[in-house]
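Before anything else, here's the structure in question.
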Amino acid sequence: MRVLPREILRAPARGVGLFGLAVAGLALVGSVVALLVYGDIFLLGNLRGAGNGLARGILAVAAVVIVVSLGLPRALTAMRRLANLTRRLSREWCGVPIPEPYLLPAIEDSEGGSWSWSVRALGQAATWRDVGWMFLAPIASPFLLLPLAAPACLGWFLSLPAAQDSKPPALLAALCAATGAALYGGPWLLRGYGMLARSLLGPTVQAELSRRVRHLTETRSESIDSSAAELRRIERDLHDGAQARLVSLGMTLGALEQVLGRDEDEARALLAEAQGSSVKALAELRDLVRGIHPPVLADRGLVDAVYALALDSPLPVEVSNRLAGRPPAPVESAVYFAVSELLANVTKHAGATRAWVEVDHGQGVLHARVGDDGHGGADPALGTGLSGIERRLAPFDGALALSSPAGGPTVMDLEVPCELLLPKTSSS
Amino acid sequence: MRVVIAEDLFLLRDGLTRLLEAHGLEVVRAVDNGPDLVASVIAYKPDVALVDVRLPPTFTDEGIKAALEARKEVPGLPVLVLSQYVEQLYARELLAGGGGGIGYLLKDRVFDGGQFVDAVCRVAGGGTAMDPEVIARLLARNEGAGSLATLSPREREVLSLMAEGRSNAAIAQRLVISERAVAKHSASIFIRLDLQPSDDDNRRVLAVLAYLGR
């Protein structure tokens, strides 16, 4: 890790922020515990003497239930927000990204009442790990204040009235060194804190596997659905298109047989009609094939197919390619159609005068970036195009990121983890 | 006129042979793969080679590669490439070598025997035959570009026929106007697009294609 002076200057402020967050977490968890414990003691104390032991027991349980049902969903949601804030700050400030470990969606996104949500949340390991962090953070975070505390100590020491020999140079030098180390070590302290946070706030191996299974199940059923829909579309297109044309061609030829030798003009007209039908049938088949698997993609692979897309685009599109081989065919096809859709979006919506496409591969991930010089402000929530692309990429664990500030430029970045197949040399 | 055909589907190979022979052309050899094509053009020195894009052994763009290789072996060999689909990318690659005698047509164009044989003869004579679909896409791509928008509808028609590789006489016949009118239109097109005028049909076609393909 290289430490920039900027980071050293920022570290104390960030330490204070994280310390504050830890205090807030402790206050939250502490107040819940206090409410539960002292609330019951208070109620029981007031009820002392009233009724017998059984009644007191029932009342105590009722009190716990009331306190818990009123406060628990709020407390759990607040704790989850605090934990998520810590995760975000860990990524942004400490450079340690922490993925969310929750298998249970947030309360706003889950079905059922808040009470049942709380019960389910209490059954999740991630919730208790969050609680653990709320107690650990106040112990760990004071160390983040070192970069602030050390200079403060130095300043305090220097500001002491200089009485006789009370400031031996050795002590002063040691203090200066300690201050320097604390300041310089600030970014490292932050990083260590982030890693500590990840150990509790990050997903466990089991949670990771559960999420993975869920993701695979979802994307599998989506891709089965979409390929079934695709097959239906192809069937319909063939039925209404080429098949119908061939039927009409057959009928025209039948009619031609009837008039042959009797009416030459009529025969000529029917012949022209038959030719027209076959040309149209071919054109429809061609369009259909392009939609299924474009021939140039099959012939040449992703890069030339993207280049062919660029040539067909009404905008000038610059293509730069740094692929050393070919991705597996299904990935190639998904990325091709994604780029095709993105370029079509640029043409339709961006108001751009030029666009560019970049394809490269590094560290086991295929990247394709499509950018334009348009007015930006593209909203991924609008329209179905982008979600369609995400669905297309999902079975390959691919992702699409959109950056489109108002005023432009728009850059769409899609990545798919895959290995490249080395170029074949046996073809010629 | 002597022709070599490379087409892997027997029905189409046979059909092409019959069509060409019916129009008085001589098919000296019909092969079904790329390497054989290159060998035949060296052995027979035909006036023109007809090549399908998808050929064994790769069944990808073997035909384009074979056509370019055949032209390397026999410089200036006129080649007409036939395909089920047309790609600007391939059109560019075929034209990239410069010179004439290049054709790139959809297989559908074979249906109109007369026009097709006309295109074969044009390519054999060192001319160009670009499929209307290639030209339509080139024009669509240049739609927004300034000078193309200033052309009149008739001039655009003339331009696309010119880009396909047709002579003034053929354009006049197609649009049912006089040859002088075509000459006038084409002069105006060349001025609007700021191209070097040329009396040579083929050089004119290449200039237009180069302009559209920028």
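For the structure I just gave you, tell me whether A:LEU366 is part of a strand (DSSP E or B) and within 21 Å of A:GLU222 (Cβ to Cβ). First the steps, then the outcome.
Values: part of a strand (DSSP E or B): yes; within 21 Å of A:GLU222 (Cβ to Cβ): yes.
So A:LEU366 fits the description; yes.
Here is a yes/no grid of residues against (1) under 21 Å from B:LEU12 (Cβ atoms); (2) in contact with an Asp or Glu (Cβ under 9 Å, 6 or more places away or on another chain):
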site: B:GLY98; (1), (2): no, no
site: B:LEU105; (1), (2): yes, yes
site: B:ARG109; (1), (2): yes, yes
site: B:GLN115; (1), (2): yes, no
site: B:LEU138; (1), (2): no, no
site: B:ASN142; (1), (2): no, no
site: B:SER152; (1), (2): no, no
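Still on this model: Kindly list the number of the only condition in (1) within 13 Å of chain A (Cβ to nearest Cβ); (2) buried (at least 21 other Cβ atoms within 10 Å of the Cβ); (3) of a type in the set (Lys, Arg) that fails for B:ARG122.
It fails just one condition, (1).
Related question: Starting from residues that are of a type in the set (S, T, N, Q) and in contact (Cβ under 8 Å) with a residue 24 or more places away in the chain, keep the ones in region B:20-74 and report whichever is farthest from B:GLY100 (Cα to Cα). Spell out how you get there, then give the answer.
Here is the first cut: in region B:20-74, the residues of a type in the set (S, T, N, Q) are B:33, B:40, B:58, B:60.
Among the residues that remain, those that are also in contact (Cβ under 8 Å) with a residue 24 or more places away in the chain are: B:33, B:40.
On the way: B:ASN33: 24, B:SER40: 21 Å.
Filtering first and then ranking leaves B:ASN33.
Working only within region A:294-308, note down all residues that are at the interface with chain B (Cβ under 9 Å from one of its Cβ atoms) and part of a helix (DSSP H, G or I). Give the steps one after another, and end with the answer.
Filtering region A:294-308 down to residues at the interface with chain B (Cβ under 9 Å from one of its Cβ atoms) leaves A:294-296, A:298-300, A:304-305, A:307-308.
Once the filter is applied, which keeps residues that are at the interface with chain B (Cβ under 9 Å from one of its Cβ atoms) and part of a helix (DSSP H, G or I), region A:294-308 yields A:PRO295, A:VAL296, A:ALA298, A:ASP299, A:ARG300, A:ASP304, A:ALA305, A:TYR307, A:ALA308.
Now, a different point. Is it the case, given these coordinates, that A:VAL289 is within 13 Å of chain B (Cβ to nearest Cβ) and outside any helix (DSSP H, G or I)?
Details: within 13 Å of chain B (Cβ to nearest Cβ): yes; outside any helix (DSSP H, G or I): no.
Here the answer is no, as A:VAL289 does not meet what is asked.
Looking only at region A:309-339, count how many residues are crowded, with 19+ Cβ neighbours inside 10 Å, under 17 Å from A:LEU366 (Cβ atoms) and within 14 Å of chain B (Cβ to nearest Cβ).
3
Quick test of your reading of the structure: A:ARG262 fulfils all but one of (1) surrounded by fewer than 15 Cβ atoms within 10 Å (Cβ to Cβ); (2) more than 18 Å from B:ASP112 (Cα to Cα); (3) touching a residue at least 12 places away in the same chain (Cβ under 8 Å). Name the failing condition by number.
(3)
If you check A:GLU273, A:GLU284, which single one turns out to be of a type in the set (D, E, K, R), under 24 Å from A:GLU235 (Cα atoms) and either facing chain B (nearest Cβ under 7 Å) or more than 28 Å from the chain's Cα centre (by Cα) (or both)? Steps first, please.
On the way: A:GLU273 fails: under 24 Å from A:GLU235 (Cα atoms).
A:GLU284 is the lone residue from the list that is of a type in the set (D, E, K, R), under 24 Å from A:GLU235 (Cα atoms) and either facing chain B (nearest Cβ under 7 Å) or more than 28 Å from the chain's Cα centre (by Cα) (or both).
To continue, here is another question. Is it the case, given these coordinates, that B:LEU20 is under 30 Å from A:ASP287 (Cβ atoms), among the hydrophobic types (A, V, I, L, M, F, W, C) and touching a Lys or Arg at 6+ places or on another chain (Cβ under 8 Å)? Write out each step before concluding.
Values: under 30 Å from A:ASP287 (Cβ atoms): yes; among the hydrophobic types (A, V, I, L, M, F, W, C): yes; touching a Lys or Arg at 6+ places or on another chain (Cβ under 8 Å): no.
Spelling it out, it is not the case that B:LEU20 is under 30 Å from A:ASP287 (Cβ atoms), among the hydrophobic types (A, V, I, L, M, F, W, C) and touching a Lys or Arg at 6+ places or on another chain (Cβ under 8 Å).
Keeping to region B:24-82, report how many residues are of a type in the set (Val, Ile, Thr) and within 20 Å of the chain's Cα centre (by Cα).
To start, the set of residues in region B:24-82 that are of a type in the set (Val, Ile, Thr) comprises B:27-28, B:31, B:38, B:41-42, B:48, B:51, B:53, B:58, B:60, B:64, B:74, B:79, B:81.
Narrowing the set further to residues that are within 20 Å of the chain's Cα centre (by Cα) leaves B:27, B:38, B:41, B:48, B:51, B:53, B:64, B:74, B:79, B:81.
Number satisfying all stated conditions: 10.
Moving on. Go through region B:16-63 and give me each residue that's over 23 Å from B:GLY127 (Cα atoms), away from chain A (no Cβ under 14 Å) and aromatic (Phe, Trp, Tyr).
Within region B:16-63, none qualify.
Condition first: in contact with a strand residue (DSSP E or B) (Cβ under 8 Å, 6 or more places away or on another chain) and farther than 13 Å from A:VAL411 by Cβ. Now tell me which residues in region A:348-376 satisfy that. So that I can check it myself, show each step before the final result.
The initial filter retains those residues of region A:348-376 that are in contact with a strand residue (DSSP E or B) (Cβ under 8 Å, 6 or more places away or on another chain), namely A:350, A:352, A:354-361, A:364-374, A:376.
Hits for region A:348-376 are A:ARG354, A:VAL359, A:ASP360, A:HIS361, A:GLY364, A:VAL365, A:LEU366.
Follow-up question, since we're still on this one. If you check A:THR353, A:THR347, which single one turns out to be farther than 24 Å from B:VAL53 by Cβ, outside any loop (DSSP other than H, G, I, E, B) and within 14 Å of chain B (Cβ to nearest Cβ)? Let's see the steps before the verdict.
Numbers: A:THR353 fails: outside any loop (DSSP other than H, G, I, E, B).
The unique qualifying residue is A:THR347.
Tell me whether region B:156-163 contains one or more residues that are closer than 22 Å to A:ALA308 by Cα, surrounded by 15 or more Cβ atoms within 10 Å (Cβ to Cβ), touching a residue at least 40 places away in the same chain (Cβ under 8 Å) and not assigned by TED's automatic domain parsing to the domain that holds B:VAL81.
To start, the set of residues in region B:156-163 that are closer than 22 Å to A:ALA308 by Cα comprises B:160, B:163.
Add one more test, that the residue is surrounded by 15 or more Cβ atoms within 10 Å (Cβ to Cβ), and what stays is B:160, B:163.
With touching a residue at least 40 places away in the same chain (Cβ under 8 Å) added as a condition, the list becomes B:163.
Filter once more, so that each one left must be not assigned by TED's automatic domain parsing to the domain that holds B:VAL81: B:163.
Yes - at least one qualifying residue is present in region B:156-163.
Please determine, by comparing only the residues of region B:164-214 that are at pLDDT below 85 and touching a strand residue (DSSP E or B) at 6+ places or on another chain (Cβ under 8 Å), which one is surrounded by the most Cβ atoms within 10 Å (Cβ to Cβ).
The qualifying residue surrounded by the most Cβ atoms within 10 Å (Cβ to Cβ) is B:VAL205.
Still on this structure: State yes or no: is B:GLU26 surrounded by fewer than 20 Cβ atoms within 10 Å (Cβ to Cβ) and closer than 28 Å to B:GLN173 by Cβ? Please lay out each step first, then the result.
Numbers: surrounded by fewer than 20 Cβ atoms within 10 Å (Cβ to Cβ): yes; closer than 28 Å to B:GLN173 by Cβ: yes.
Yes.
Mind listing just one residue for me: the one in region B:29-53 that is of a type in the set (Gly, Ala, Ser) and out of contact with any helix residue (DSSP H, G or I) (no Cβ under 7 Å at 6 or more places or on another chain) and, of those, surrounded by the fewest Cβ atoms within 10 Å (Cβ to Cβ)? Working first, answer last.
Looking only at region B:29-53, we keep the residues that are of a type in the set (Gly, Ala, Ser), and these are B:30, B:34, B:39-40, B:43, B:49.
Pick out the ones that are also out of contact with any helix residue (DSSP H, G or I) (no Cβ under 7 Å at 6 or more places or on another chain) and you get B:39-40, B:43.
Numbers: B:ALA39: 15, B:SER40: 20, B:ALA43: 11.
Applying the filter and picking the extreme gives B:ALA43.
Can you pull out the residues in region B:55-83 that are within 27 Å of A:VAL306 (Cα to Cα), surrounded by fewer than 22 Cβ atoms within 10 Å (Cβ to Cβ), at pLDDT below 90 and not hydroxyl-bearing (Ser, Thr, Tyr)?
Result: B:PRO56, B:PRO57, B:PHE59.
Residues A:ARG191, A:ARG233, A:ARG214: which one is closer than 30 Å to A:VAL289 by Cβ and under 42 Å from the mean Cα position of the chain (by Cα)?
Unique residue meeting the criteria: A:ARG233.
Let me ask another. From A:LEU172, A:LEU231, which residue is surrounded by 13 or more Cβ atoms within 10 Å (Cβ to Cβ) and either assigned by TED's automatic domain parsing to the domain that holds A:ILE98 or part of a helix (DSSP H, G or I) (or both)? Even if it seems obvious, please write down each step before you answer.
On the way: A:LEU231 fails: surrounded by 13 or more Cβ atoms within 10 Å (Cβ to Cβ).
Among A:LEU172, A:LEU231, only A:LEU172 is surrounded by 13 or more Cβ atoms within 10 Å (Cβ to Cβ) and either assigned by TED's automatic domain parsing to the domain that holds A:ILE98 or part of a helix (DSSP H, G or I) (or both).
So if I check each of B:ALA136, B:ALA66, which one is in contact with a Gly (Cβ under 8 Å, 6 or more places away or on another chain) and within 14 Å of another protein chain (Cβ to nearest Cβ)? Give the derivation first.
Working: B:ALA136 fails: in contact with a Gly (Cβ under 8 Å, 6 or more places away or on another chain).
Residue meeting the stated conditions: B:ALA66.
Residue under question is B:ARG109, and the condition is that it be in a loop (DSSP other than H, G, I, E, B), within 14 Å of chain A (Cβ to nearest Cβ) and not polar (S, T, N, Q); does it hold? Even if it seems obvious, please write down each step before you answer.
Working: in a loop (DSSP other than H, G, I, E, B): no; within 14 Å of chain A (Cβ to nearest Cβ): yes; not polar (S, T, N, Q): yes.
The answer is no for B:ARG109.
Taking A:LEU253, is it outside any helix (DSSP H, G or I) and more than 23 Å from B:GLN84 (Cα to Cα)? Spell out the reasoning first.
Details: outside any helix (DSSP H, G or I): no; more than 23 Å from B:GLN84 (Cα to Cα): yes.
For A:LEU253, the condition - outside any helix (DSSP H, G or I) and more than 23 Å from B:GLN84 (Cα to Cα) - is not met.
The values are calculated or read from the model by the stated rules, or taken from the named source; none is laboratory data. The structure displayed is predicted, hence computed values, not measured ones. Don't worry about glycine lacking a Cβ; one is built from the backbone with ideal geometry, like all the others, and counts go over all protein chains shown.
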